[in-house]
Amino acid sequence: VQLQASGGGLVQAGGSLRISCVVSGGDFRSYGMAWFRQAPGKERESIAMINWSGTSTSYAGSVKGRFTISRDNSKNTLYLQMNSLNPEDTAVYYCNAHRITIAAGTRREYDYWGQGTQVTVSS
């Protein structure tokens with residue numbers, strides 16, 4: 001499974017940006033998806049998650065109400081709409097595909113990452 005993130009860039013504080021992640025090489029519908037970010041000198045943090053059908057989402061407190069995660073299963077694409085951006089949102093943003101299977105008593109966990117896209121918010 002390959003994940004290709006894109007759409008990052010430089011934006012002024014208060015602005016908006018939408019980043020995307022195209023998934024190939026697997027059944028996109030079978031994966032829960034998430035966006036993580038990592039700012040310089042900080043740990044990678046989970047900021048938004050969405051289930052396989054797009055009917056359930058959750059957000060970190062730092063982005064709730066400003067960011068919206070969505071997915072288009074017909075295009076194998078995950079999105080993150082980011083509004084009211086501030087300099088603290090500056091980070092490399094990574095998409096993640098996650099799946100757990102249980103068969104014949106064996107649990108397997110699958111975790112895939114994109115290469116990241118840089119988002120820089122200027123004050």
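Results for (1) aliphatic (A, V, I, L, M); (2) in contact with an Asp or Glu (Cβ under 9 Å, 6 or more places away or on another chain), shown as yes or no for each residue.
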residue: Ala5; (1), (2): yes, no
residue: Gly54; (1), (2): no, yes
residue: Gly61; (1), (2): no, no
residue: Gly65; (1), (2): no, no
residue: Gln81; (1), (2): no, no
residue: Glu88; (1), (2): no, no
residue: Tyr93; (1), (2): no, no
residue: Ala97; (1), (2): yes, yes
residue: Ala104; (1), (2): yes, no
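Looking across the range 90-106, the residues that are part of a strand (DSSP E or B), touching a residue at least 40 places away in the same chain (Cβ under 8 Å) and of a type in the set (Ser, Thr, Tyr) come down to Tyr93, Tyr94.
Number of residues in the range 1-44 that are open to solvent by 50 Å² or more (accessible area, probe 1.4 Å), part of a loop (DSSP other than H, G, I, E, B) and not hydrophobic (A, V, I, L, M, F, W, C) equals 9.
Quick grid of which residues meet (1) in a strand (DSSP E or B); (2) open to solvent by less than 60 Å² (accessible area, probe 1.4 Å):
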| residue | (1), (2) |
| --- | --- |
| Ser46 | yes, yes |
| Leu80 | yes, yes |
| Glu88 | no, no |
| Arg108 | yes, no |
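The condition of being hydrophobic (A, V, I, L, M, F, W, C), outside any strand (DSSP E or B), touching a strand residue (DSSP E or B) at 6+ places or on another chain (Cβ under 8 Å) and touching a residue at least 24 places away in the same chain (Cβ under 8 Å) holds for only one of Val63, Val119, that being Val63. Among all residues of the range 22-37, there is at least one that is in contact (Cβ under 8 Å) with a residue 40 or more places away in the chain and within 22 Å of Ser123 (Cα to Cα). Restricting to the range 63-78, and then to whatever is over 12 Å from Ile19 (Cα atoms) and open to solvent by 60 Å² or more (accessible area, probe 1.4 Å), can you tell me which residue is farthest from the chain's Cα centre (by Cα)? Going through the qualifying residues, I end up with Ser74.
The values are calculated or read from the model by the stated rules, or taken from the named source; none is laboratory data. Note that the coordinates shown come from a computational prediction; the quantities given were computed from them, not determined experimentally. Ideal geometry is used to build each Cβ from the backbone, glycine not excepted, and the neighbour counts take in all protein chains shown. Side chains are part of the model used for accessible areas, which takes the heavy atoms of the whole protein and leaves out ligands, DNA and RNA. Shrake-Rupley method; radii C 1.70, N 1.55, O 1.52, S 1.80 Å.
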